[in-house]
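Would you mind keeping the following structure in view while I ask a few things?
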Amino acid sequence: MSGSRPPEVPLDMPEQPLAWKVRAPLKSDGRSRYWRKIILGGLSAALTLWLSWLMFRVLNVMGMTGLEWALLCLFVVNIGWICMAFVSGTAGLIVSLFGDRRRDVSEAGPSTGRTAIVFPIYNESVVDVFATVQATSQALSKAAPGQFECFILSDTVSPDIALQEEAGYLTLRKNAGEACPIYYRRRTINLARKSGNVHDFVSRWGGRYDHLIVFDADSYMSSDCILELVHRMEADPGVGLIQTVPQLIGAKSLFARAQEFAASVYGPVLGRGIAWWSGNEGNYWGHNAIIRTQAFAQAAGLPIMPGRAPLGGHILSHDFVEAALLRRAGWKVQIASDLGGSFEEGPQTIIDLTIRDRRWCQGNLQHTAVLARARGITLTNRLHFSIGIFSYLASPLWLVLILVGMALSLQNRFLKPEYFSGDPTLTPSWPVIDPALALSVFIATMSVLLLPKAYGVFVKLVRPGKGLKGRPVSLILGGLVETVISALVAPILMAAQTSSVLSILTGQDSGWTPQQRGSDGYKIRDVARRHAVTTVLGVVLTMTAWIISPIFAAWLAPATLGMILSIPLSWALGKEVSDDSFWAQLISRPLRSEAPDCFSEAVAARTVYETVVPPGLSQLVSDDQYQRAHADLVDPHWPLQGNAVHVPLAIAEAKLSRLPSLDAFLGALDKKETMALLNSPEVLKRASERFSGKVLTPV
């Protein structure tokens, strides 16, 4: 067997039909605690009804018109979402103040099983990812020798990046921890995207491992956190998955620093709230989580949705569905909100965030079809699905709410009163609102929206732990700056998410593009092109509101100002800022003073891979030594059924037989055919034999 991969130990992972109605009992004791869901639902409903009643009183001064009823209905739907988030955050506040503190590692003894740390990657930066793998391997080799193995699961389809990965892996293997080996597998055919990548691993090597911990390309986890996850999994044989709550790290731009502040200060409170009410029916976010391999194989094989993309085909946001299937099979899914040492990098710019959001939006909207077909799924898992779906539907609904409110104001401003209505009155009948009550509704709504941020600041002040530095005033100032930034950015994201929802509903597939990581912003013309429509929308809304009334324009300003300034905001917030700059200090000063070891060691290791130069394709064809090293890294598995043929490889072979020179042959291959050639050592060897002596010997 190749040294780049261990012997295969297959584990059957059958497809799970969504229509299966039977819900298995829990594998071990673990009550669902439905009373917590009742509290969440009851308080959310009560708060929603109260705010809706206030809004009804605002509108119902002299009877309700059709537009006013429409406005009220939209308000109820939108405020219900906000109220549930508020109640969940309040639960997180209580748990934060009176529950267990965050902890990193258990006092349990060494693990008795074997755990794989898997790194699914797709056209990612070799320097960044392989440095993280090296740091993780070295740390685990010291902390728990012989208990872990790292496995790079590549789905890369770029020939250049594939060659970089191979050269990087040869270097990586030399730098691996002695007691934590590193393996590499690149799929020949990319079926079902990331979920198919992990499925291939489990079905071929899953029997070798008791657990697998999934990293993303920008994930970092301390060895203490990893060990604690394994200990918790082994302590309860009924747990199928434990999800950590990652903190953001590695921010360079002002936008990313604001997100990092929010994740560090508000995130733990919100995470504890979700963990409190979900209990053993938690969710999975696709990375920074530990999974019981046997449970995952038995219960979480994903079906293919009927129809075409974007709502049909392979399930894009697989993680929510896998968590629901695990729970349906009787396995507990938990959120470890008390566990520190889990990190990830966030997008550095608004544009990068919206690109990633477009893919997530499609995946979450696809869950509407999953909910319609799924049987045996718990109410809590359905709530997780609904939260994800509405997190994207909320944006177009808020925009429609603004437009209906504008139409209502236009009606009040320009339509003539109806003097001869059927009512016996001498006064004209036209729609009006109560401005005093309207102000009360606005204050109440903003309180419900912003209080969870205040919760996070309050908890950091009362129970700072080791993550807070500096004076309390710096934390409060950081919260104010982050709030202003998020308020300006929110309308930009609302416009982007509305565009994404509309494009998905009209049948446009997002495809599969890797997230741009570590960006230093975009050129101003690229930013202008990206946000031009958003800017125009903000200007049109503002001008229309001003024509109606300057006061109405002022009320609408929180939603339109960010749109109007979207181009300069996106450009300025996406630029890198030094740690000692004024604005970075305002946001970053309250946070930890030193990066965790798992991150700093990974960053330090990047220098090793920055100097790795892979061979060119022509060198690979003409040099026997390069070919032998390459052949050892290529996965021989081609998932073809029956007499099926891989078309790009067949075309590459046909071109090989008829083109007269190596340069002509390589120049005639497109990207897919070149990848097929790299994935077939046999065809590569035939190319070498055919063109032997027709190229210069590489230096």
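Which numbered condition trips up V265, out of (1) under 30 Å from L461 (Cα atoms); (2) among the β-branched types (V, I, T); (3) surrounded by fewer than 23 Cβ atoms within 10 Å (Cβ to Cβ)?
(3)
Something else: For the stretch 247-355, list the helices (runs of 4 or more DSSP H) that sit wholly inside it and hold at least 2 residues that are under 19 Å from the mean Cα position of the chain (by Cα) and either at pLDDT 95 or above or among the small types (G, A, S) (or both); which are they?
254-265, 267-278, 318-328
While we're on this one: May I ask you to verify whether I242 is in contact (Cβ under 8 Å) with a residue 40 or more places away in the chain, assigned to a helix (DSSP H, G or I), crowded, with 24+ Cβ neighbours inside 10 Å and not acidic (D, E)?
no
Now for a separate question. Regarding the stretch 167-175, can at least one residue be identified that is over 30 Å from T674 (Cβ atoms) and out of contact with any strand residue (DSSP E or B) (no Cβ under 7 Å at 6 or more places or on another chain)?
The answer is no, given that none of the residues of the stretch 167-175 is over 30 Å from T674 (Cβ atoms) and out of contact with any strand residue (DSSP E or B) (no Cβ under 7 Å at 6 or more places or on another chain).
Restricting attention to the stretch 306-324, report how many residues are crowded, with 20+ Cβ neighbours inside 10 Å and touching a Gly at 6+ places or on another chain (Cβ under 8 Å).
Total satisfying the criteria: 8.
Here is a further query. If you take the residues of the stretch 570-624 that are basic (K, R) and at pLDDT below 95, which of them is farthest from A668 (Cα to Cα)?
Selected residue: R589.
Could I ask something else about it? Any residue at all in the stretch 45-59 that is surrounded by fewer than 17 Cβ atoms within 10 Å (Cβ to Cβ) and either among the polar types (S, T, N, Q) or within 29 Å of E234 (Cα to Cα) (or both)?
No.
Another question, if that's okay. If you check D218 against the conditions, is it touching a Gly at 6+ places or on another chain (Cβ under 8 Å) and either surrounded by fewer than 23 Cβ atoms within 10 Å (Cβ to Cβ) or more than 30 Å from V157 (Cα to Cα) (or both)?
No.
While we're here: Of the residues that make up the stretch 633-644, is at least one in contact with a strand residue (DSSP E or B) (Cβ under 7 Å, 6 or more places away or on another chain), of a type outside the set (D, E), buried (at least 20 other Cβ atoms within 10 Å of the Cβ) and not in a loop (DSSP other than H, G, I, E, B)?
yes
So, one more: Considering only the stretch 363-378, I want to know if a residue exists there that is of a type in the set (G, A, S), in contact (Cβ under 8 Å) with a residue 60 or more places away in the chain, in contact with a strand residue (DSSP E or B) (Cβ under 6 Å, 6 or more places away or on another chain) and part of a strand (DSSP E or B).
Checking the stretch 363-378: not a single residue is of a type in the set (G, A, S), in contact (Cβ under 8 Å) with a residue 60 or more places away in the chain, in contact with a strand residue (DSSP E or B) (Cβ under 6 Å, 6 or more places away or on another chain) and part of a strand (DSSP E or B).
Now a separate question. Restricting to the stretch 187-218, name every residue that is of a type in the set (A, V, I, L, M) and either under 14 Å from I291 (Cα atoms) or assigned to a strand (DSSP E or B) (or both).
Of everything in the stretch 187-218, those that are of a type in the set (A, V, I, L, M) and either under 14 Å from I291 (Cα atoms) or assigned to a strand (DSSP E or B) (or both) turn out to be V198, V202, L212, I213, V214.
Scan S688, S618, S600 and give me the residue that is in contact with an Asp or Glu (Cβ under 9 Å, 6 or more places away or on another chain) and free of Cβ contacts under 8 Å to residues at least 24 places away in the same chain.
Sole residue among the options that is in contact with an Asp or Glu (Cβ under 9 Å, 6 or more places away or on another chain) and free of Cβ contacts under 8 Å to residues at least 24 places away in the same chain: S600.
Considering (1) touching a helix residue (DSSP H, G or I) at 6+ places or on another chain (Cβ under 9 Å); (2) modelled with pLDDT of 95 or more; (3) not aromatic (F, W, Y), say which one S141 fails and leave the rest.
It is condition (1) that S141 fails.
What number of residues within the stretch 3-15 satisfy the criterion of being surrounded by 15 or more Cβ atoms within 10 Å (Cβ to Cβ) and either at pLDDT below 95 or farther than 19 Å from V202 by Cβ (or both)?
1
If I ask for residues that are touching a residue at least 60 places away in the same chain (Cβ under 8 Å) and charged (D, E, K, R), which ones from the stretch 637-673 would you list?
K671, K672
Which residues, counting only those in the stretch 646-672, are of a type in the set (V, I, T) and surrounded by 12 or more Cβ atoms within 10 Å (Cβ to Cβ)?
I651 - this is the single residue of the stretch 646-672 that is of a type in the set (V, I, T) and surrounded by 12 or more Cβ atoms within 10 Å (Cβ to Cβ).
Oh, and also: Residues in the stretch 420-438: is at least one at pLDDT 90 or above and part of a helix (DSSP H, G or I)?
No.
Only one of G478, G467 is at pLDDT below 95, surrounded by 14 or more Cβ atoms within 10 Å (Cβ to Cβ) and touching a strand residue (DSSP E or B) at 6+ places or on another chain (Cβ under 9 Å). Can you tell me which?
Selected residue: G467, the only one of G478, G467 that is at pLDDT below 95, surrounded by 14 or more Cβ atoms within 10 Å (Cβ to Cβ) and touching a strand residue (DSSP E or B) at 6+ places or on another chain (Cβ under 9 Å).
Now, a different point. Of the residues I290, I350, I315, which is closer than 28 Å to R204 by Cα and in contact with a Ser or Thr (Cβ under 7 Å, 6 or more places away or on another chain)?
I315
Tell me yes or no: at least one residue of the stretch 388-397 is outside any helix (DSSP H, G or I) and surrounded by fewer than 19 Cβ atoms within 10 Å (Cβ to Cβ).
No; the residues of the stretch 388-397 include none that is outside any helix (DSSP H, G or I) and surrounded by fewer than 19 Cβ atoms within 10 Å (Cβ to Cβ).
Also, I was wondering about something else. Can you spot a residue in the stretch 164-173 that is among the aliphatic types (A, V, I, L, M), surrounded by fewer than 23 Cβ atoms within 10 Å (Cβ to Cβ) and either at pLDDT below 95 or assigned by TED's automatic domain parsing to the domain that holds L326 (or both)?
Yes, some residue in the stretch 164-173 is among the aliphatic types (A, V, I, L, M), surrounded by fewer than 23 Cβ atoms within 10 Å (Cβ to Cβ) and either at pLDDT below 95 or assigned by TED's automatic domain parsing to the domain that holds L326 (or both).
Please go through the stretch 546-564 and give me each residue that is buried (at least 19 other Cβ atoms within 10 Å of the Cβ) and without any contact (Cβ under 8 Å) to a residue 40 or more places away in the chain, ordered by number.
If the condition is that a residue be buried (at least 19 other Cβ atoms within 10 Å of the Cβ) and without any contact (Cβ under 8 Å) to a residue 40 or more places away in the chain, then I564 is the only one that fits.
The values are calculated or read from the model by the stated rules, or taken from the named source; none is laboratory data. No experiment lies behind these values; they were computed from the predicted model shown. When we count neighbours, we look across all protein chains shown, and the Cβ atoms used for this are built from the backbone with ideal geometry, even at glycine.
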